[in-house]
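One structure is given here, and the rest of the page talks about it.
The values are calculated or read from the model by the stated rules, or taken from the named source; none is laboratory data. None of the values given here were measured: they were computed from a predicted structure. All Cβ positions, glycine included, derive from the backbone under ideal geometry; neighbour counts span all protein chains shown.
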Amino acid sequence: MPIHALPQFEADLEADRKTYEALKAPKTIVVRYGVLKMVGEFPYDGEAKPGCGSKLIVRTPRGTEIGEMLTSTCPNAGCSKSVSRKEMLDYIENSGGRNYPFSTDGRVLRIATKEDMDEQAKLEQSRHGLKVEARRIAEELKLPLKIVDAEPILGGERLTFYFNSEERVDFRELVRLLGAQLKARIDMRQVGARDEARITADFERCGQHCCCKTFLKVLKPISMRSAKIQKATLDPLKISGRCGRLMCCLRYEDQTYEELRKRLPKRRTRVGTPEGDGWVVDSQILTQLVLVELEASNKQVAVPVENLTEPGGPPPPPPPPYAPPPPSSQARSGPPTTPMEPRRGPEPRRGEGQPRRDNQPRRDGSPPPPRRDDQPRRDGPPRVNPPQRPPAPVPEDFGEVDDGLDDAGPGSPGSPPPQGAPGQGGDQSRRRRRRRRRNKRPPGAPPGSGPSGGGPPPPGPN
C-alpha cells in the first residue's frame, strides 16, 4: 500500500523550503571538535547552509579533522537556533573565562561527506589497538605512566596519546619508538584524573552523561565544605564521581547555598518571633526555616526567616547554678549527716605541746636527767641545756669494784644469769642492775661517785 503525504504536510514543507532559500550562508561557525570537546569559532566562506549538529571538515592547529557545528554567530543566521557573538562571549566568560578551551585559530573547509564519515569511523575503531600498543612499549621501557587513550585525526598529520602520571616522565624514547612503528608524528599530552574521566567515562550515578564529557569544560577543584553546607552525605563513595574526586555537580548550587545561608541567624542567637523572644536552636537552608526555643515556655517553634525580628526586651537573668538535691532519709543508711564545719587549721604533731617524758619527775623524787639534744626546737626558742657537772677524776687503777654481785657465784641464789646466755635475758638484767645503782646514788653527788662510781665508797657503820 503506497504512502501518500497529507496535504497539510505538503503545505508545511513548502513553507520551510521557502524560508531556507531566503536565508544566506553563515560567515562564522562555532564548532566542537577533538576528544576533549574543544570549542572554536572559525570563518566559513562556502555557499552551503549547514544547520546545528551538521558534521564539518575543519582545519585546526593540529591538522585536518572532523567537527560538529554548534551554532552560527553572524547576523544572517543559518537557522533559528543561532546566537549572537555577544551572547557567545558572555557564555564563555561565565563558564571559565580564559580557562575555557576556546580558539579562533582555524577554518571551516566544507561539509563532511559520506566518505569522510566512513573514514572517521575506521579511525575510531583503531583507537583501542593504538592504545594497547603504546602501553606495551611503555611497560618495556618501565616508564611510570598510564596510557589513557589515543586520538588519530582525519588528515593523519598527528597522532595524539593522552597519559596520566603523578611524576615527571622522560618519554622521548617512547615517542621515538611509536613514531618509527606507526609512521606518524607523535604528540604526548599529560592529563589529570578529571580529564581522564572526561575521555573515558560515559554515565554517572544520576543516569545522565558525565558533565565533564558533555558541557563542563573548566574543571575546578571541589572542597568538602560544599558538601557540608548542602548537608549532603559525607561518605566519599557516595559523593565521588568517576574520576575518584568529589562530584562537580556539588559546585553548581554552592553559590546559591552560600547566599541563602547568609540570610539565616547563627545558632544560640536571641531573636524575636510573633510568639515571643527566644534563642535559635537550628535552621534549614533551603526551606529558610529557623527553629527557635521560646524563653517564656521553653517551647520550640519553626519560624520563617522573614518573620524574625529584633528581640523586644532584655534577656532574662541566667538560671542559678545546679546544686545536687540532698539525699532522702529513706535512702540514707548511715547516721544523719551534719552540716559541714569550717575548715580547721593543721593539727599539732604527735606529742607537740605536751611535756616530754624525760622532763617529768621520777617516782622517787629525783630530778630528771638532762636532755641529750642540743638542737633548737622548731616550735619555740632554742633550749638552753643546764650546766654540766665537772667530770670526776679518773683513777689510774680502779682495783676491784665491789658491787655486791661479784661474791655470788653463778649458781648462787640471786645471781644474774651469765651475759649472752640464751633465753636468760642477760641484757635486761644488766640494765636493771645499772638502774638500781643510779637510784642508790645520794642527791648532789657527782656522776662518778657512789657505790658504782669510780670515787671512794660511802662511809659505812663502825
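Here's the yes/no breakdown for (1) part of a helix (DSSP H, G or I); (2) outside the structural domain of residue 43 (by TED's automatic domain parsing); (3) touching an Asp or Glu at 6+ places or on another chain (Cβ under 7 Å):
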residue: 92; (1), (2), (3): yes, no, no
residue: 128; (1), (2), (3): yes, yes, no
residue: 132; (1), (2), (3): yes, yes, no
residue: 138; (1), (2), (3): yes, yes, no
residue: 151; (1), (2), (3): no, yes, no
residue: 162; (1), (2), (3): no, yes, yes
residue: 174; (1), (2), (3): yes, yes, no
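Among the residues making up the stretch 302-315, those that are aliphatic (A, V, I, L, M) and buried (at least 16 other Cβ atoms within 10 Å of the Cβ) are 303, 305, 308. The residue pairs whose first member lies in the stretch 121-140 and is within 13 Å of residue 178 (Cβ to Cβ), whose second member is loosely packed, with under 14 Cβ neighbours inside 10 Å, and whose beta carbons are closer than 6 Å, counting only pairs six or more residues apart or on different chains, do not exist in this structure.
Can residue 269 be described as modelled with pLDDT of 90 or more and not small (Gly, Ala, Ser)? Please lay out each step first, then the result.
Numbers: modelled with pLDDT of 90 or more: yes; not small (Gly, Ala, Ser): yes.
Yes, satisfied.
Within the stretch 139-153, the set of residues being farther than 17 Å from residue 199 by Cβ and within 40 Å of the chain's Cα centre (by Cα) comprises 139, 142, 143, 144.
Condition check ((1) out of contact with any helix residue (DSSP H, G or I) (no Cβ under 9 Å at 6 or more places or on another chain); (2) at pLDDT 85 or above; (3) within 30 Å of residue 154 (Cα to Cα)) across all residues:
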residue	(1), (2), (3)
6	yes, no, no
50	yes, yes, yes
60	yes, yes, yes
91	yes, no, yes
96	yes, no, yes
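Sort out which residues of the stretch 215-246 are under 26 Å from residue 101 (Cα atoms), under 25 Å from the mean Cα position of the chain (by Cα), in contact (Cβ under 8 Å) with a residue 40 or more places away in the chain and surrounded by 14 or more Cβ atoms within 10 Å (Cβ to Cβ), and write them in order of number. 241, 243, 245, listed by residue number. Among the residues examined, residue 185 does not qualify as exposed (fewer than 13 other Cβ atoms within 10 Å of the Cβ) and of a type in the set (Lys, Arg). Here the condition is being over 38 Å from the mean Cα position of the chain (by Cα) and farther than 22 Å from residue 29 by Cβ; of 136, 198, 98, 189, it holds for 136 alone. Go through the residues of the stretch 98-108 one by one and say whether even a single one is modelled with pLDDT under 95 and part of a helix (DSSP H, G or I). Scanning the stretch 98-108, I find at least one residue that is modelled with pLDDT under 95 and part of a helix (DSSP H, G or I), so the answer is yes.
Residues that are under 20 Å from residue 286 (Cα atoms) and small (Gly, Ala, Ser) within the stretch 230-254 comprise just one, 232. Of the strands (runs of 3 or more DSSP E) lying entirely inside the stretch 264-316, those carrying at least 2 residues that are in contact (Cβ under 8 Å) with a residue 40 or more places away in the chain are 270-273.
Screening 199, 222 for residues that are β-branched (Val, Ile, Thr) and part of a helix (DSSP H, G or I) leaves exactly one candidate, 199. Among all residue pairs at least 6 apart or on different chains, which show Cβ distances below 6 Å where the first residue, located in the stretch 156-181, is closer than 16 Å to residue 126 by Cα and the second is at pLDDT 90 or above and part of a helix (DSSP H, G or I)? Cβ pairs passing all conditions: 161/134.
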